[in-house]
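Here is the structure we will look at.
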Amino acid sequence: MTHDLVITGARVVSPGGVAACDIGITGGRIVTLGTGLTGAEVIDATGLIAMPGGIDSHVHIAQPSGPGVEMADDFASATRSAACGGNTTVMPFCLPEDGQSLREAVTAYHARAEGCCLTDVSFHLIVKSADPVTLGQDLPALIAQGLTSFKVFMTYQGMRLSDGEILQVMDVAREQGALTMVHAENEEAIEFLRDKAERDGRIAPVHHARTRPVPVEREATHRATTLAEVAGVPVMIVHVSNGAALDEIERARGRGVRVLAETCPQYITLTADDLDKAGFEGAKWVCSPPPRDTGEQAAIWAGLERGAFDVFSSDHCPFRFADPAGKDAPGARASFRNIPNGIPGVETRLPILFSEGVSKGRLSLETFARLTATNHARIYGLEHKGAIMIGMDADIVLWDPTLTRRISQSDLHHGADYTPWEGFEVTGWPVRTILRGHTVMENGTPVDTAPGRHVARIRPEITA
Ligand code: DUC
Ligand code: ZN
Ligand code: ZN
């Protein structure tokens, strides 16, 4: 049999282990794994590692961010950046604008993503209201259409749900077979600390981190896992930043609660000191939960090494720095409270974990593949993605494990005007990204096509 495409010479990372073999691709799917394969097109990947294309299950793209504030990426730039960073699928959130229903929001997001994506896309929902239409009509309808996961917030006025509302939403998740994701920070504790800081004149960006300390996240993590226990549902705790929150997760697991956990590059590489740069510079690192300290980085690393985390995502949430529609929003210099929250990272997630994890000998190639692709697909129900196996989509990224580079804004493809990792040295870099058999990035250059499409999902296995 002659294939459409054959990749030869690579070390192939699959759920069964790492093996030298050819990958035969026809019709956008992996159809053969073996030796001596023939194809209409052949990619010689000698010396490279073939990994499942990255799935970034936590990104924000073109998300409404408040009056006058605009995210730095649309779907074209975000997915171009994602593909250049070795990803083949991204999972953005659909956030309704004020007055918009969840279903209307999803329709608007589909329109924004239509025809311009370099990676596949699969939407999560954000549930910011527990009104009867959302709970009784929109959520069940959208879950039935394959949007089988949603996020709720315990922080942010206008977004947060009360404990009782979270229980109601979790109950819908239980009935309909969806997975609830929780942003766990205690809003009232943050408000108390923030008001006090402002009264005392502590208004610089670093006070964003100081007014969202570890206990605020630890308490909310405990509460989120307890609410899941009460509702009888699994829960994903997103962007875990510290050891105490992870302890709460592991304690809940010890009680038999089905708790999944996500962490991100910022929590293994950045600290609150990054927010403490002179003047307004620290705004570049303002995100929630904030980066902590080297002790907490070590706790997150220990969690990654012992398998306590299920997924490693970017939480890509880009704003331009030198821009009044971005980090320099009206009032942002007068108080950290007004700095848009989030950092760009979809293109740097994989190189950072590869370098810090695989190249430094802390993670095996198989663990890397699980944390960056396979588990995302399994947990969120992307049936044909996340593994180099026969029958799966031919979503493959070729890595050169010997390439050492310094991360630089000038090489990246996102819409932000900075990277929080400027100058950060990494060893290991993705050199070719293949989406369903189409090359979408080669040697750092995006290919000028838009083969990406929306992928509906099956019921997440943990909800069964
Ligand atoms: N939570 C996120 O998940 N992303 C950006 C901001 C936030 O609070
Ligand atoms: Zn969040
Ligand atoms: Zn996020």
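Net charge around Gln137, counting only other residues with Cβ within less than 14 Å of its Cβ (Lys, Arg = +1; Asp, Glu = -1)?
Details: positive: Arg103; negative: Glu104, Asp131, Asp138, Glu175.
Neighbourhood net charge equals -3.
How many nm separate the modelled label positions at Glu188 and Ala464, each set 7 Å beyond the Cα in the direction of the Cβ?
Each label point lies 7 Å from its Cα, and together they span 4.1 nm.
Taking 7 Å along the Cα-to-C-beta vector as the label spot, tell me the Gln176-Gln409 distance in nanometres, rounded to one decimal.
4.1
Quick check: pseudo-label points 7 Å beyond the Cα along Cα→Cβ at Asp4 and Thr226, how many nm apart are they?
Here the modelled spin labels are 5.3 nm apart.
For region 51-127, what mean projected area does the convex hull of the alpha carbons give, in nm²? Could you put the intermediate results ahead of the total?
Values: hull surface 20.5 nm².
Here the figure is 5.1 nm², rounded to one decimal.
When only the heavy atoms of the protein chains count and the probe is 1.4 Å, how do Val447, Val259, Val230 rank by accessible area, highest first?
Values: Val447 50, Val259 10, Val230 105 Å².
Solvent-accessible surface, decreasing: Val230, Val447, Val259.
I want to make sure I understand the PRE zone here: with the label point 7 angstrom from the Cα of Glu366 toward its beta carbon, which residues in region 2-46 have backbone N atoms less than 20 Å away?
Only 10-23, 33-34 pass the distance filter.
Helix 214-231 sits at what angle to the longest principal axis of the chain, using alpha carbons and giving 0 to 90 degrees rounded to 10?
Long axis of 214-231 versus the principal axis of the chain: about 80 degrees.
Given the C-alpha atoms of the chain, compute the convex hull and give its volume per residue in Å³. Walk me through the numbers before you get to the answer.
Working: hull volume 59.5 nm³, N = 464.
Given the Cα convex hull of the chain, per-residue volume reads 128 Å³.
Return the carbon/sulfur percentage of the accessible area of region 54-363, one whole number, probe 1.4 Å, all protein chains in place.
For region 54-363, the apolar C and S fraction of the accessible surface comes to 49 percent.
For region 1-70, with only Lys/Arg (+1) and Asp/Glu (-1) charged at the beta-carbon, what is the dipole magnitude about the Cα centre, in debye rounded to 20? All intermediate terms of the calculation are to be shown ahead of the outcome.
On the way: 2 positive and 6 negative charges, 42 e Å.
Dipole about the Cα centre, nearest 20: 200 debye.
Excluding residues on the same chain fewer than 8 positions from Lys284, give the lysines whose Cα lies under 26 Å from its Cα.
Hits, sequence-local ones excluded: Lys151, Lys196, Lys327.
How long is the gain from Glu422 to Asp247 if the chain were fully straight, where each residue apart is worth 0.36 nm and the alpha carbon distance is subtracted?
Working: separation 175, 0.36 × 175 = 63.00 nm, distance 3.17 nm.
Length gained between Glu422 and Asp247: 59.8 nm.
Sorted by packing (mean other beta-carbon atoms within 10 Å per residue), highest first, where do 28-41, 105-118, 424-437 land?
424-437, 105-118, 28-41
Assigning unit charges at the beta carbon (Lys, Arg +1; Asp, Glu -1) and nothing else, what dipole magnitude in debye, to the nearest 20, does the chain show about its Cα centre?
Numbers: 42 positive and 58 negative charges, 116 e Å.
That gives the chain a dipole magnitude of about 560 debye.
Return a whole-number percent for the relative contact order of the chain, with Cα pairs under 8 Å and 6 or more residues apart as the contact set.
Working: 1143 pairs, mean separation 103.3, N = 464.
Taking the mean separation of contacting Cα pairs over the length of the chain, I get 22 percent.
When the Cα centres of region 413-464 and region 325-387 are compared, how far apart do they sit, in Å?
Centre-to-centre distance over Cα atoms comes out at 11 Å.
State in Å² the accessible area per residue of region 256-387; use a 1.4 Å probe, count heavy atoms of protein chains only, and round to the nearest integer. Could the numbers behind the result be given before it?
On the way: 3860 Å² over 132 residues.
Per residue, region 256-387 has an accessible area of 29 Å².
Can you order the peptides 90-100, 145-155 by their average number of other Cβ atoms within 10 Å per residue, highest first?
Highest to lowest by the protection proxy: 145-155, 90-100.
For helix 102-113, what angle does its Cα long axis make with the longest principal axis of the chain, in degrees from 0 to 90 and rounded to 10?
Tilt of helix 102-113: around 50 degrees.
Between helix 294-306 and the chain, what is the angle of the helix's C-alpha long axis to the longest principal axis, kept within 0 to 90° and rounded to the nearest 10?
Result, in degrees: 50.
Please name which of Ala220, Phe150, Ala111 has its Cα lying farthest along the dipole of region 102-239 towards the positive end, using unit charges on Cβ (Lys, Arg +1; Asp, Glu -1) and the Cα centre as origin.
Ala220
The values are calculated or read from the model by the stated rules, or taken from the named source; none is laboratory data. Computed from a predicted model, the values in this text were never measured in an experiment. Cβ: placed from backbone, ideal geometry, glycine included. Neighbour counts: every protein chain shown. These area figures cover heavy atoms from the full protein model, side chains too; ligands, DNA and RNA do not enter into them. Shrake-Rupley method; radii C 1.70, N 1.55, O 1.52, S 1.80 Å.
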